[in-house]
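Written out below as structure tokens is the structure these notes cover.
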Amino acid sequence: MKVGIVGAGAIGLLTAKLLEDFGHQVLVLQRTKKEVPMLFQTPSGDLEMVSFSVTDNWEDVESVELLIVATKAYHLPAVLPQLRTYPGPLLFIQNGLVSNLVAKKLKETANVFGSVDHGATIQDGILMHTGHGSIRFGGEEKFAYLATELGPVLKWESHIEHVLLRKAALNTLINPLTALLDVRNGTLSENKALQRAVISHYDELILGIPVLEELLSLEDVFDLIKRTSTNTSSMRNDVLRGEETEVDYIVKPLLEIAEKEGRYLPITGYLYELIQSKRGEYDRKYT
Ligand SMILES: NC(=O)C1=CN([C@@H]2O[C@H](COP(=O)(O)OP(=O)(O)OC[C@H]3O[C@@H](n4cnc5c(N)ncnc54)[C@H](OP(=O)(O)O)[C@@H]3O)[C@@H](O)[C@H]2O)C=CC1
Ligand SMILES: CC(C)(CO)C(=O)C(=O)O
């Protein structure tokens, strides 16, 4: 299948590599022409040479059968207008809950949404696959064929909204704290006080958004923290680099979901504001 990927970042290139390994023809669209990694490191540490087909011309991806948008969520306001005339399907794989934004801006296109469980980063010109996982996606049933055509890289989920909500809750519990305290994920379970803080925050989320209780247990939360214990969360990474964060797409939608039911989430709201305060650093850098 001919697949286009918007964004030559860690997840865009990892997805390209995995799809190419299964025989698909992949073209990666960069914002501006830049060198891409030529080395790939597997989760077990083995190195392989890689080569990607890249372009910075949107016209080149017009004829693909699927376009995967692998930018950060905060890039979407700039990217979505470019996608208005694309016939689709479009697969959005950002962390967070972006479907409302996409639906508002792209009324005519066919959109599906996914969640990435892989870990990936680009360091010293090497694309590193730091954690095995999958890309689960879903939406209108008529797009389930994509999972069959694309092979094991993409897994169809009939209730993708639950997968995305669960992931947003996990990211809300882990990312802001690690970013604010400048600690790796594992510290949240190793430090007893932080462990208690995560438990209180979890209790608040399941009281405020009751459906979460069926989707996410406290054990799941600490299991993920332990599995990613050496990770720098994406929010901590963004804050450290003085970049924008995905807080408006991960944390804010949870506040809004609870608010619709007349509930306020004080811990979540407090963390949201503290992360927003870091935005000042981003604004100072860019304005
Ligand atoms: N990395 C990980 O382990 C995981 C990431 N995710 C999620 O996946 C998404 C992608 O993350 P990740 O790959 O790490 O992020 P990166 O920052 O590595 O990649 C984002 C890429 O998008 C590119 N981009 C931005 N705007 C445009 C544009 N207009 N046209 C073309 N390209 C553009 C950026 O280009 P430029 O270099 O020019 O800025 C950058 O290369 C995020 O939502 C993240 O939360 C989810 C699970 C794990
Ligand atoms: C799962 C976790 C917390 C891994 O670091 C992540 O998705 C992130 O950092 O955004």
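The values are calculated or read from the model by the stated rules, or taken from the named source; none is laboratory data. This one's a predicted model, so the numbers in the text were calculated from it and none came from an experiment. All Cβ positions, even for glycine, are placed from backbone atoms using ideal geometry, and neighbour counts span all protein chains on display.
Listed residues Gly131, Gly119; which is within 9 Å of ligand 1 (Cβ to nearest atom), touching a residue at least 40 places away in the same chain (Cβ under 8 Å) and surrounded by fewer than 18 Cβ atoms within 10 Å (Cβ to Cβ)? Break it down stepwise before answering.
On the way: Gly119 fails: surrounded by fewer than 18 Cβ atoms within 10 Å (Cβ to Cβ).
Being within 9 Å of ligand 1 (Cβ to nearest atom), touching a residue at least 40 places away in the same chain (Cβ under 8 Å) and surrounded by fewer than 18 Cβ atoms within 10 Å (Cβ to Cβ) holds for just one of Gly131, Gly119, which is Gly131.
Any residue in the stretch 218-235 that's in contact (Cβ under 8 Å) with a residue 24 or more places away in the chain and more than 15 Å from Pro43 (Cβ to Cβ): show its pairings with residues that are more than 6 Å from ligand 2 (Cβ to nearest atom) and of a type in the set (Phe, Trp, Tyr) at Cβ separation under 9 Å, as long as the two are six or more apart or on different chains.
Val221/Tyr202
So, in the stretch 218-254, exactly how many residues are surrounded by fewer than 17 Cβ atoms within 10 Å (Cβ to Cβ) and in a helix (DSSP H, G or I)?
8
Tally the residues that are assigned to a strand (DSSP E or B) and surrounded by fewer than 20 Cβ atoms within 10 Å (Cβ to Cβ), restricting the search to the stretch 146-165.
First, pick out the residues of the stretch 146-165 that are assigned to a strand (DSSP E or B): 154-156.
In the following step, the residues that additionally are surrounded by fewer than 20 Cβ atoms within 10 Å (Cβ to Cβ) were identified as 155-156.
Residues that pass the stated criteria total 2.
Which of the helices (runs of 4 or more DSSP H) found entirely inside the stretch 178-217 contain at least 3 residues meeting this: surrounded by 16 or more Cβ atoms within 10 Å (Cβ to Cβ) and more than 16 Å from ligand 1 (Cβ to nearest atom)?
On the way: elements: 187-190, 192-208, 212-215.
Qualifying helices (runs of 4 or more DSSP H): 187-190, 192-208.
Of all the residues that make up the stretch 88-117, how many are more than 19 Å from Tyr249 (Cα to Cα) and in contact with a strand residue (DSSP E or B) (Cβ under 9 Å, 6 or more places away or on another chain)? Outline the logic, then answer.
Within the stretch 88-117, the subset more than 19 Å from Tyr249 (Cα to Cα) is 88-89, 107-110.
Right, trim to in contact with a strand residue (DSSP E or B) (Cβ under 9 Å, 6 or more places away or on another chain) and you get 88-89, 109-110.
Result for the stretch 88-117: 4.
Working only within the stretch 6-21, note down all residues that are touching a Ser or Thr at 6+ places or on another chain (Cβ under 6 Å) and either within 17 Å of Gly133 (Cα to Cα) or at pLDDT below 95 (or both).
Scanning the stretch 6-21 gives a single hit, Ala10.
Can you tell me how many residues in the stretch 43-84 are farther than 16 Å from Val112 by Cα and either free of Cβ contacts under 8 Å to residues at least 60 places away in the same chain or small (Gly, Ala, Ser) (or both)?
Qualifying residue count, the stretch 43-84: 22.
Which of (1) closer than 30 Å to Thr268 by Cβ; (2) more than 10 Å from ligand 1 (Cβ to nearest atom); (3) of a type outside the set (Ser, Thr, Tyr) is the odd one out, the single condition Leu146 does not satisfy?
Checking Leu146 against (1) closer than 30 Å to Thr268 by Cβ; (2) more than 10 Å from ligand 1 (Cβ to nearest atom); (3) of a type outside the set (Ser, Thr, Tyr), the one that fails is (1).
Output the number of residues of the stretch 1-14 satisfying the condition of being assigned to a helix (DSSP H, G or I) and either free of Cβ contacts under 8 Å to residues at least 12 places away in the same chain or under 17 Å from Ala73 (Cα atoms) (or both). Can you show your working first?
From the stretch 1-14, those assigned to a helix (DSSP H, G or I) are 10-14; that's our starting set.
When the remaining residues are screened for being either free of Cβ contacts under 8 Å to residues at least 12 places away in the same chain or under 17 Å from Ala73 (Cα atoms) (or both), the result is 10-13.
The total comes to 4.
Under 9 Å between Cβ atoms, which residue pairs at least 6 apart in sequence (or on different chains) link something in the stretch 166-191 that is under 11 Å from Ser233 (Cβ atoms) with a partner that is acidic (Asp, Glu)?
Pairs that qualify, where the first residue is under 11 Å from Ser233 (Cβ atoms) and the partner is acidic (Asp, Glu), are Leu170/Asp220; Asn171/Glu246; Asn175/Glu246; Ala179/Asp238.
Tell me, which residue of the stretch 86-124 that is small (Gly, Ala, Ser) and under 20 Å from Glu149 (Cα atoms) is nearest to the chain's Cα centre (by Cα)? First the steps, then the outcome.
Within the stretch 86-124, the first condition is being small (Gly, Ala, Ser), and the residues that meet it are 88, 96, 99, 103, 110, 114-115, 119-120.
So of that shortlist, the ones also under 20 Å from Glu149 (Cα atoms) come out as 88, 110, 114-115.
Details: Gly88: 20, Ala110: 20, Gly114: 8, Ser115: 6 Å.
Step by step, filter the stretch 86-124, then rank; the result is Ser115.
So Thr148 ticks every box in (1) among the hydroxyl-bearing types (Ser, Thr, Tyr); (2) in contact (Cβ under 8 Å) with a residue 24 or more places away in the chain; (3) over 22 Å from Ile257 (Cα atoms) but one. Which box is left unticked?
All conditions are met except number (2).
If Thr228 satisfies every condition in (1) at pLDDT 95 or above; (2) closer than 24 Å to Leu165 by Cβ but one, which is the exception?
With respect to (1) at pLDDT 95 or above; (2) closer than 24 Å to Leu165 by Cβ, Thr228 is out only on (1).
Could you run through the stretch 193-217 and say how many residues are touching a residue at least 24 places away in the same chain (Cβ under 8 Å) and within 25 Å of Gly262 (Cβ to Cβ)?
Selection size over the stretch 193-217: 12.
Output the number of residues of the stretch 1-20 satisfying the condition of being away from ligand 2 (no atom under 16 Å from the Cβ) and either under 15 Å from Val116 (Cβ atoms) or not charged (D, E, K, R) (or both).
Keep residues of the stretch 1-20 that are away from ligand 2 (no atom under 16 Å from the Cβ), which gives 1-6, 8, 13, 16-20.
From what's left, either under 15 Å from Val116 (Cβ atoms) or not charged (D, E, K, R) (or both): 1, 3-6, 8, 13, 16-19.
Number of matching residues: 11.
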